[in-house]
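S.K.: Could you have a look at this structure, given as structure tokens, before my questions?
Values in this text are rule-based calculations from the coordinates and carry no lab data. No experiment lies behind these values; they were computed from the predicted model shown. Quick reminder, even Gly has a Cβ in these numbers, built from the backbone with ideal geometry, and neighbours come from all protein chains shown.
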Amino acid sequence: MDQLVAEGESLAGQARRSVGRGDHQAVLSVLAMLRHVTSMQPEYDRLLTNCQTSIRSKFAAIISMLQETCVKALEGFVESVKSDGERALPKDGTVHEVTSNALIFTEQLLEYASTLSPMLQRDQSLSAALANLPRGLDQNLLAKALLGAYIKRVLVNLGLALVSRSESYSDTTLRSIFRLNNYHYILKTLQNSELLNLVALVEPQCDKMYNDQIMEQKKLYSQSWSKVLHYLNHEDVPLSVIQAGKLRDKDRQLIKDKFSGFNKEMEEMCRVQRSYSIPDRELCVSLKRDNMEYILPKYQVFYDKYVNVPFTKNTEKYVKYSPADVSTMIDKFFDVAA
């Protein structure tokens, strides 16, 4: 028993030092030992029935020590999610390291739901999160619900950290790309694992909340087209003037300015948005498709209206891009190698 206590103290000490350095993965080895020791407890109790109280208490001390180490590590992890959100932002708006680390860690906790249950029950706010669940839950479902409540806490703090940190982006479009990437990564990871089922026990609208946030960021991102749309939507030459072939100098200049302005802004959009990163292929394809559906019909109408109008002797200087060319430019978004 003395040797077992010593091993437990050594492992717990190593885990505490690792967690202190920000390596929260170390707590997983403690959880593995705690699960093993807990599973052996009934047999130890039987074997130690006639032993001295001091010997029996050593076994209980091992479990208590390991549990305390785990509790502090879990609390520390939530705090680290808040502080790690202050790390340098990715310049291309990709998924933040703190997001991937948080989801990887919480996913690894899934196999220890029953082991974590006695520790999580000590947290009154986690227990309170189960208030709407039916009474008399079996221990397995109770353990999952408690872990779901803890994961929700991690996600809430992660979301706050991401929003707060993303305010540092001076480029509002890049800010939307960053939030979009992170929200999509979180939702997809939840859906592709057992995490969503656990969180849904205490937050049934979890997936809807992330889908709503994703849609909101897509709408904010679409505002990046405002300068391009300015030249497509504002101050047109009347169709009657074009059909009559009676363009005035100011009409010709207006058409020149619209094409020049569109070309300049479209080229700038292509240059800037190539440097943005959308690592998830499905999201990348959908955002490009949204861009095309948003811009191409408007540009097609504009192009068809003016392409054959004799407003200049240097047509190639102004009519630089066909709708097909614009489509190709949009397809190069989010691809720095394009």
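S.K.: Using alpha-carbon positions, what is the distance between the centroids of the stretch 104-132 and the stretch 8-31, in Å?
M.R.: About 19 Å separates the Cα centre of the stretch 104-132 from the one of the stretch 8-31.
S.K.: Sticking with this structure for a sec: By count of other Cβ within 10 Å, fewest leading, how are VAL27, VAL237 ordered?
M.R.: VAL237, VAL27
S.K.: Further, regarding this structure: Along the charge dipole of the stretch 85-220, Cβ charges K/R +1 and D/E -1, which of LEU220, ASN197, ALA143 sits furthest on the positive end?
M.R.: Checking the options against the dipole of the stretch 85-220, the answer is LEU220.
S.K.: Which of SER226, SER170 has the fewest other C-beta atoms within 10 Å, and how do the rest follow up to the most?
M.R.: Fewest-to-most ranking of SER226, SER170: SER170, SER226.
S.K.: What does the highest-first list of 244-254, 131-141, 5-15 look like by mean Cβ count within 10 Å? Provide the component values of the computation, followed by the final result.
M.R.: Working: 244-254: 11.9, 131-141: 9.1, 5-15: 16.3.
Descending packing order for the listed peptides: 5-15, 244-254, 131-141.
S.K.: In the structure shown, do any of LYS91/LYS219; LYS218/LYS332; LYS208/LYS332 have a Cα-Cα gap over 28 Å, and if so which?
M.R.: Numbers: LYS91/LYS219 21 Å; LYS218/LYS332 18 Å; LYS208/LYS332 31 Å.
Distance filter (> 28 Å) returns LYS208/LYS332.
S.K.: Work out the charge dipole of the chain with +1 on the Cβ of Lys and Arg and -1 on the Cβ of Asp and Glu about the Cα centre, then indicate which of PHE333, ASN101, MET1 is farthest towards its positive end.
M.R.: Looking along the dipole axis, the top candidate is PHE333.
S.K.: If I stretch the segment between HIS230 and LYS91 completely, what's the gain in nm (0.36 nm per residue apart, minus their alpha carbon distance), one decimal?
M.R.: 47.2 nm
S.K.: Just to be sure I understand the rule: take each whole DSSP H helix in the chain, project its Cα atoms onto its long axis, keep it if the span is 30 Å or more and its mean Kyte-Doolittle hydropathy is at least -1.0. Which ones pass? Walk me through the intermediate numbers first.
M.R.: Values: long enough: 53-84 (45 Å, 0.30); 139-166 (40 Å, 0.85); 249-274 (37 Å, -1.44); 281-306 (36 Å, -0.68).
Span-like helices here: 53-84, 139-166, 281-306.
S.K.: When the dipole is taken about the Cα centre of the stretch 85-220, and only Lys, Arg (+1) and Asp, Glu (-1) are charged at their Cβ, what size is it in debye, to the nearest 20?
M.R.: Computed charge dipole of the stretch 85-220: roughly 200 debye.
S.K.: Right, here's the next one. Taking only Cα atoms and a 10 Å spring cutoff, compute GNM fluctuations for the chain and point out the largest among GLN213, GLN205, GLN25.
M.R.: Highest fluctuation of the listed residues: GLN205.
S.K.: Separation of the stretch 184-258 and the stretch 308-338 by C-alpha centroid, Å?
M.R.: Between the Cα centre of the stretch 184-258 and that of the stretch 308-338, the gap is 20 Å.
S.K.: Which residue fluctuates most in the GNM of the chain (Cα springs below 10 Å): SER164, SER57, SER114?
M.R.: SER57
S.K.: Report Rg/Rh for the chain, rounded to two decimals, where Rg is the Cα radius of gyration and Rh the Kirkwood radius.
M.R.: On the way: Rg = 29.6 Å, Rh = 24.3 Å.
My calculation puts Rg/Rh at 1.22.
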